[in-house]
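**Q** One structure is given below, represented as structure tokens, and several questions about it will come after.
The values are calculated or read from the model by the stated rules, or taken from the named source; none is laboratory data. This structure is a prediction, so every number in the text was calculated from the model and none was measured. Note that each Cβ is placed from the backbone with ideal geometry, even for glycine, and that neighbours are counted across all protein chains shown.
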Amino acid sequence: MSNPIDSLVALLNEARHLVFFTGAGLSTESGIPDFRSPGTGLWNKIKPIEFSDFVSSEDARAESWRRKFTGDRAMAKAAPNSGHLAIAELVTMGRCTGVITQNVDNLHQQSGVDDSHIVELHGNATYAKCLQCDQRYDLADLEAQYQRTQQIEPCSLCGGLIKTATISFGQAMPERAMQRAAELTSRCDLMIVLGSSLTVYPAAAFPEHVVQRGDKLVIINQQPTGLDSVADLVINEGIGTILPPAVAALDPR
């Protein structure tokens, strides 16, 4: 059996339109807890607040902001890991056309990947937005307001509700992000899934489309996924131990 890194290098060298699809397993290598893993994810310990409750209930909004400003700060303290940096290097080299991510931690941007190359399917937890006019708000300003009044005032521009820019349970997927992800998927000849169980839909449909079209799919994930049987290469190891040496071994272009 060939070395998995050698097999990955061969696929990377052949690819002309590489797209990454990243999930929680990439973030956990930066010390960010997984929200969804069965038995160990944070949502098994604390019930998530549904979008409909956030919109309709002042108490639900108060609880949402309380969790944001008094909970674990692992995401705020996290830094990009070697997997993020390897992706950023591929983008800089012109060998990666885009990153579709389920993560909300902003670490792809911190690693040096421009926003124009990133599609955030589940939003971003590092800032807030007005649900009505999309005005962006800095979390530090909102936290200072929360510490003074124990609440977040409505949008100063339109009076709409302000919410962290993540996609909550029951909230509609962002239309523009879904469209961009579909466009990247339709053009890619190699998609590499990093750290995703491929169980959360509609996001997980994008790797499925790659397989259905007959293009190459690689999955690097510690645990099995539902697409392992149809992937061209499956590596059940840490992302940081596989991707950086593969990038370093690429043929020059």
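**Q** Report whether or not Ile242 is farther than 22 Å from Glu120 by Cα, among the aliphatic types (A, V, I, L, M), assigned by TED's automatic domain parsing to the domain that holds Ser7 and in contact (Cβ under 8 Å) with a residue 40 or more places away in the chain.
**A** Yes; evaluated as a whole, the condition is true for this residue.
**Q** Any residue that is assigned to a helix (DSSP H, G or I), among the hydrophobic types (A, V, I, L, M, F, W, C) and assigned by TED's automatic domain parsing to the domain that holds Ala15 - is there at least one of those in segment 218-227?
**A** Looking through segment 218-227, none of the residues is assigned to a helix (DSSP H, G or I), among the hydrophobic types (A, V, I, L, M, F, W, C) and assigned by TED's automatic domain parsing to the domain that holds Ala15.
**Q** Filter segment 212-240 for residues that are among the β-branched types (Val, Ile, Thr) and surrounded by 16 or more Cβ atoms within 10 Å (Cβ to Cβ) and give the result.
**A** If the condition is that a residue be among the β-branched types (Val, Ile, Thr) and surrounded by 16 or more Cβ atoms within 10 Å (Cβ to Cβ), then Val218, Ile219, Ile220, Thr225, Val234, Ile235, Ile239 are the ones that fit.
**Q** Could you say which residue among Leu198, Leu227 is in contact with a Pro (Cβ under 8 Å, 6 or more places away or on another chain) and within 14 Å of Thr22 (Cβ to Cβ)?
**A** Leu198
**Q** Considering only residues of segment 86-101 that are surrounded by fewer than 24 Cβ atoms within 10 Å (Cβ to Cβ) and polar (S, T, N, Q), which is farthest from Gly25 (Cα to Cα)?
**A** Filtering segment 86-101 for residues that are surrounded by fewer than 24 Cβ atoms within 10 Å (Cβ to Cβ) and polar (S, T, N, Q), the one farthest from Gly25 (Cα to Cα) comes out as Thr92.
**Q** Would a scan of segment 36-54 turn up a residue that is more than 21 Å from the chain's Cα centre (by Cα), surrounded by 15 or more Cβ atoms within 10 Å (Cβ to Cβ), within 15 Å of Thr164 (Cβ to Cβ) and at pLDDT 90 or above?
**A** Yes, some residue in segment 36-54 is more than 21 Å from the chain's Cα centre (by Cα), surrounded by 15 or more Cβ atoms within 10 Å (Cβ to Cβ), within 15 Å of Thr164 (Cβ to Cβ) and at pLDDT 90 or above.
**Q** Go through (1) surrounded by 12 or more Cβ atoms within 10 Å (Cβ to Cβ); (2) on the phi > 0 side of the Ramachandran plot; (3) not β-branched (Val, Ile, Thr) and name the single condition Gln150 misses.
**A** (1)
**Q** Would you check if there is a residue in segment 127-149 being closer than 26 Å to Val218 by Cα and either at pLDDT below 95 or acidic (Asp, Glu) (or both)?
**A** No, segment 127-149 contains no residue that is closer than 26 Å to Val218 by Cα and either at pLDDT below 95 or acidic (Asp, Glu) (or both).
**Q** Inspect segment 15-35 for any residue being out of contact with any Leu (no Cβ under 8 Å at 6 or more places or on another chain), aromatic (Phe, Trp, Tyr) and modelled with pLDDT under 95 and give the result as yes or no.
**A** No, there is no match, as no residue in segment 15-35 is out of contact with any Leu (no Cβ under 8 Å at 6 or more places or on another chain), aromatic (Phe, Trp, Tyr) and modelled with pLDDT under 95.
**Q** Could you tell me whether any residue of segment 159-175 is surrounded by fewer than 18 Cβ atoms within 10 Å (Cβ to Cβ), among the charged types (D, E, K, R) and touching a residue at least 40 places away in the same chain (Cβ under 8 Å)?
**A** no
**Q** Considering Ser186, Ser156, Ser196, which residue is out of contact with any helix residue (DSSP H, G or I) (no Cβ under 8 Å at 6 or more places or on another chain), modelled with pLDDT of 95 or more and not acidic (Asp, Glu)?
**A** Ser156
**Q** Assess whether Asn236 counts as being in contact with a Gly (Cβ under 9 Å, 6 or more places away or on another chain) and not aromatic (Phe, Trp, Tyr).
**A** no
**Q** Related question: Among the candidates Gln151, Gln179, single out the residue that is of a type in the set (S, T, N, Q) and touching a helix residue (DSSP H, G or I) at 6+ places or on another chain (Cβ under 8 Å).
**A** Unique residue meeting the criteria: Gln151.
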